[in-house]
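A short write-up of the structure that comes next.
The values are calculated or read from the model by the stated rules, or taken from the named source; none is laboratory data. All values derive from a computational prediction rather than experimental measurement. Don't worry about glycine lacking a Cβ; one is built from the backbone with ideal geometry, like all the others, and counts go over all protein chains shown.
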Amino acid sequence: MASHTTTMVVDYLVFIGFIAVSFVIPLWGNFRAKKKETKANYVFATGTVSMGAMMLSIARGTLGVRSFLGYPSELYYRGSAMWETLYGMLLAYPIVCFIFVPVYYSLGVTSVYQYLDMRFNSKLVRCLASFSYVIRSLLNLAVTVFTPCVALKAVIGLPYWASIVGITTISVAFTIMGGLKAAILSDVIQGLAMIGVSVVIIVQGTVNVGGPANVLNVTYERGRLDFFNFDMDPTIRVTTLSATLGQLFMSLSIFGCQQNFVQRYCSMSSQRKVVKTMMANMPIIFVLFSLSWVVGMVIFANYADCDPMSLGYISKIDEIVPFYVEDKFLNVPGLLGLVMATLFNSALTLAVSNLNSLATVTFEDFISHIPRLSDLKDTQQLRFIKAIGVIYGILIICISFLVAMLSGVIESSMLMTSATSGPLLGVFLLAMLVPCANWKGAACGMIFSHIMSLWVTFGHLSIDTTTTLLPLSTENCHNDTFSPWVTNRPIRLDYTTSSPNITTSTTSAYNSVTPPSPTTTADNSNPLYGLYSITYMYYALIGSLTTVVVGIVVSLITADPEADMYEQHLLHPMARKIADLFPGKRRLYSRGNDCKTESTMDTSVTTVSDSIEKVAPLQGVVDDNGRIQVDNSYIERLNALKHVSLDVTSEVGKSTNL
């Protein structure tokens with residue numbers, strides 16, 4: 001008893017200590033910096049982040065906290081079908097590097113949605129896109145914050161409300177003090193810790209069941225490994241096709257159109273470095289993503305004949321990882337505390353970077369356009385951004401309580417991401433790849449796509465469907481199957497009544513827990529039932545295509561060559577070349593100042609000091625040999641511009657050779 005108490009004390013100390021270290025180290029770097037905190041430093045980290053740190057940060061942002069908690073439980077209870085989303089994830093990286101990054105990398109904008117304003121000369125399109133991003137981020141942040149709460153409740157019995165409030169409060173405080181650079185450094189610490197914990201679980205669990213061959217055999221024989229399902233039925237939850245296409249469109253929307261990722265790109269010193277980082281990230285994503293699924297395989301191999309949820313030790317499928325750690329590692333002082341701290345911190349760091357981006361987008365795309373707030377100084381803008389982050393923190397607390405009603409972390413995250421990704425991706429594809437697209441088409445496409453996506457999503461939620469779990473077994477449960485220190489006692493499950501997830505069937509050989517057949521209680525005679533039954537994996541694809549098709553049709557109907565002019569560099573070079581191949585009248589493009597909009601005058605981090613001339617006209621004479629002799633004053637002004645503040649060199653001077 002005394003040793004158990006000592007172990008728990010060590011776990012709590014490790015939990016608190018690791019959280020403190022994860023946040024003190026990044027913040028200490030900020031406080032040590034001699035330079036004054038500016039909006040550029042806070043939002044973009046202004047080129048001070050190394051390539052290695054950025055790679056791990058992007059990988060962590062791609063997978064999220066769900067990779068550690070959600071994917072193992074997904075394999076354990078539903079199989080490996082969702083693993084094939086990796087195909088779409090990896091395909092998205094080169095597409096983002098080829099299409100998105102070249103277009104807006106060097107535009108010198110604080111919010112990526114300023115690009116839409118410049119392209120379509122429309123505040124409406126920009127605000128619609130920004131609003132879409134805000135809604136999606138709030139929903140996904142709610143899932144992110146809720147995820148570690150499941151583990152904390154399963155292991156130490158901490159109520160959901162206490163975990164949600166605690167995580168969000170700390171995230172807001174860190175957002176106010178740290179900025180993007182601190183969030184990236186914290187991401188690195190969390191990523192390394194998560195890899196270490198996963199490796200420990202895999203090694204211990206594999207040894208416990210007799211080696212890798214046994215892990216593979218058990219998971220295969222029990223139907224957990226199911227790949228390359230090419231069934232074309234769109235109502236099946238996950239197939240190879242839906243996983244690949246669905247995740248591809250979701251990932252394109254996330255990597256190419258989401259503010260928190262674009263901020264990471266812009267924090268690097270060159271476009272070439274961004275491309276190298278993204279491409280080098282592909283093997284990292286493959287390893288980290290697969291690591292989570294191997295953890296699920298190992299845990300299932302250990303509990304294949306004695307499932308904890310069937311016995312009532314846990315009540316949610318997402319509790320299986322923390323339960324396993326408590327069961328197998330509580331006698332190892334500090335390990336359980338490290339796992340809990342890793343989950344807790346993972347949610348914190350993701351929340352911090354997303355709160356930073358949410359606040360930046362809200363200020364740049366909404367608040368800064370209010371006349372009385374359009375001329376704020378840099379420090380005042382920074383205060384506004386931090387205050388907005390606090391407001392969003394309160395909203396996330398409220399939304400997180402609703403996440404508990406959905407079916408698991410992966411289900412919740414995928415549904416929300418897919419339903420909100422389509423319209424945003426569609427409008428960026430219109431802007432970059434469709435020369436004839438105008439603001440009327442973009443706005444109509446987004447609005448129609450949002451209505452369509454919301455309609456299908458709420459319709460899907462309205463039909464009472466049960467997500468089928470794979471067969472579970474309790475045939476080999478003994479009194480010593482689980483460790484005596486497991487805190488959760490079995491809950492009495494009355495299998496004679498209908499349970500939402502499991503039913504039992506007794507055979508002469510063994511007791512097994514078998515999930516119900518994939519039936520629904522909805523009225524199949526409803527003519528819209530087929531539409532509502534489409535898997536949520538296709539929602540991003542449907543939303544994107546709807547935006548593009550409606551946008552093109554409306555743009556062609558409302559075309560006005562002169563009013564629809566925009567600067568040529570706002571279109572992808574490939575789209576310009578393809579458009580020139582078609583016969584007919586050539587498209588008109590505006591010159592530099594012909595199409596200047598308010599977007600180019602927005603408050604931005606690219607503000608040049610008033611003490612330096614912004615225009616340096618060429619001054620000099622031509623000598624007898626035909627060579628230009630430039631005045632020294634002109635050279636001095638060029639040197640002054642060259643050595644202007646780091647804000648300008650990072651945000652505007654990335655593609656300018658001075």
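Structure notes:
- Cross-chain or 6+ apart pairs with Cβ under 8 Å, the stretch 274-297 first and more than 20 Å from Ala81 (Cα to Cα) and free of Cβ contacts under 8 Å to residues at least 60 places away in the same chain, then in a helix (DSSP H, G or I) and of a type outside the set (Asp, Glu): none
- Here Leu545 does not fit the description of being touching a Leu at 6+ places or on another chain (Cβ under 9 Å), among the hydrophobic types (A, V, I, L, M, F, W, C) and at pLDDT 50 or above.
- Contact annotation: residue pairs with Cβ atoms under 6 Å, 6 or more positions apart or on different chains, pairing a residue in the stretch 472-486 that is in contact (Cβ under 8 Å) with a residue 12 or more places away in the chain and surrounded by fewer than 15 Cβ atoms within 10 Å (Cβ to Cβ) with a partner that is of a type in the set (D, E, K, R) and not in a loop (DSSP other than H, G, I, E, B), are Ser483/Asp327.
- Within the stretch 352-376, residues that are in contact (Cβ under 8 Å) with a residue 12 or more places away in the chain and within 16 Å of Arg136 (Cα to Cα) reach partners that are surrounded by fewer than 23 Cβ atoms within 10 Å (Cβ to Cβ) and β-branched (Val, Ile, Thr) with beta carbons closer than 6 Å, at six or more positions or on different chains, in the pairs Ala359/Ile388; Thr362/Ile388.
- Residue check, Ile164 in contact (Cβ under 8 Å) with a residue 40 or more places away in the chain, of a type in the set (A, V, I, L, M) and surrounded by fewer than 22 Cβ atoms within 10 Å (Cβ to Cβ): no
- Yes/no for Val427 being within 18 Å of Ile542 (Cβ to Cβ), within 29 Å of the chain's Cα centre (by Cα) and modelled with pLDDT of 85 or more: yes
The rows are residues; the columns are (1) over 26 Å from Leu252 (Cα atoms); (2) modelled with pLDDT under 80.
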{"position": "Asn121", "(1), (2)": "no, no"}
{"position": "Leu141", "(1), (2)": "no, no"}
{"position": "Leu158", "(1), (2)": "yes, yes"}
{"position": "Trp161", "(1), (2)": "yes, no"}
{"position": "Ser171", "(1), (2)": "yes, yes"}
{"position": "Leu180", "(1), (2)": "no, yes"}
{"position": "Val188", "(1), (2)": "no, yes"}
{"position": "Gly191", "(1), (2)": "no, yes"}
{"position": "Ser198", "(1), (2)": "yes, no"}
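- Residue within the stretch 54-63 that is touching an Asp or Glu at 6+ places or on another chain (Cβ under 7 Å), crowded, with 24+ Cβ neighbours inside 10 Å and modelled with pLDDT of 80 or more present: no
Residues are listed down the side, and each one gets a yes or a no for (1) farther than 18 Å from Pro159 by Cα; (2) modelled with pLDDT of 80 or more:
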residue	(1), (2)
Ile314	no, yes
Tyr324	yes, yes
Phe344	no, no
Leu350	yes, no
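- Top-ranked residue in the stretch 198-225 [being surrounded by fewer than 16 Cβ atoms within 10 Å (Cβ to Cβ) and assigned to a loop (DSSP other than H, G, I, E, B); ranked as farthest from the chain's Cα centre (by Cα)]: Gly210
- Pairing residues of the stretch 75-101 that are at positive phi and crowded, with 19+ Cβ neighbours inside 10 Å with residues that are outside any helix (DSSP H, G or I) and not basic (Lys, Arg), at Cβ distances under 7 Å and at least 6 apart in sequence or on separate chains, gives Gly79/Gly223; Gly79/Asp226; Gly79/Leu470.
- Test: Leu355 is among the hydrophobic types (A, V, I, L, M, F, W, C) and closer than 25 Å to Val262 by Cα: yes
- Matching option when the condition is over 22 Å from Gly393 (Cβ atoms) and not β-branched (Val, Ile, Thr), among Ala351, Ala304: Ala304
- In the stretch 102-117, of all residues being within 19 Å of Met574 (Cα to Cα) and modelled with pLDDT of 85 or more, the one that is surrounded by the fewest Cβ atoms within 10 Å (Cβ to Cβ) corresponds to Tyr115.
- Number of the exception - Gln381 against (1) farther than 25 Å from Gln258 by Cα; (2) at pLDDT 80 or above: (1)
- Flag for Leu86 being at pLDDT 90 or above and under 25 Å from Met279 (Cα atoms): yes
- Filter result for the condition that a residue is in contact with a helix residue (DSSP H, G or I) (Cβ under 7 Å, 6 or more places away or on another chain) and either modelled with pLDDT of 85 or more or surrounded by fewer than 24 Cβ atoms within 10 Å (Cβ to Cβ) (or both), over Val145, Val125: Val125
- Complete set of residues in the stretch 531-557 that are in contact with a Pro (Cβ under 7 Å, 6 or more places away or on another chain), farther than 18 Å from Glu84 by Cα and buried (at least 19 other Cβ atoms within 10 Å of the Cβ): Gly543, Thr547
- The number of residues in the stretch 338-374 being under 23 Å from Val165 (Cβ atoms), of a type outside the set (A, V, I, L, M, F, W, C) and buried (at least 24 other Cβ atoms within 10 Å of the Cβ) comes to 8.
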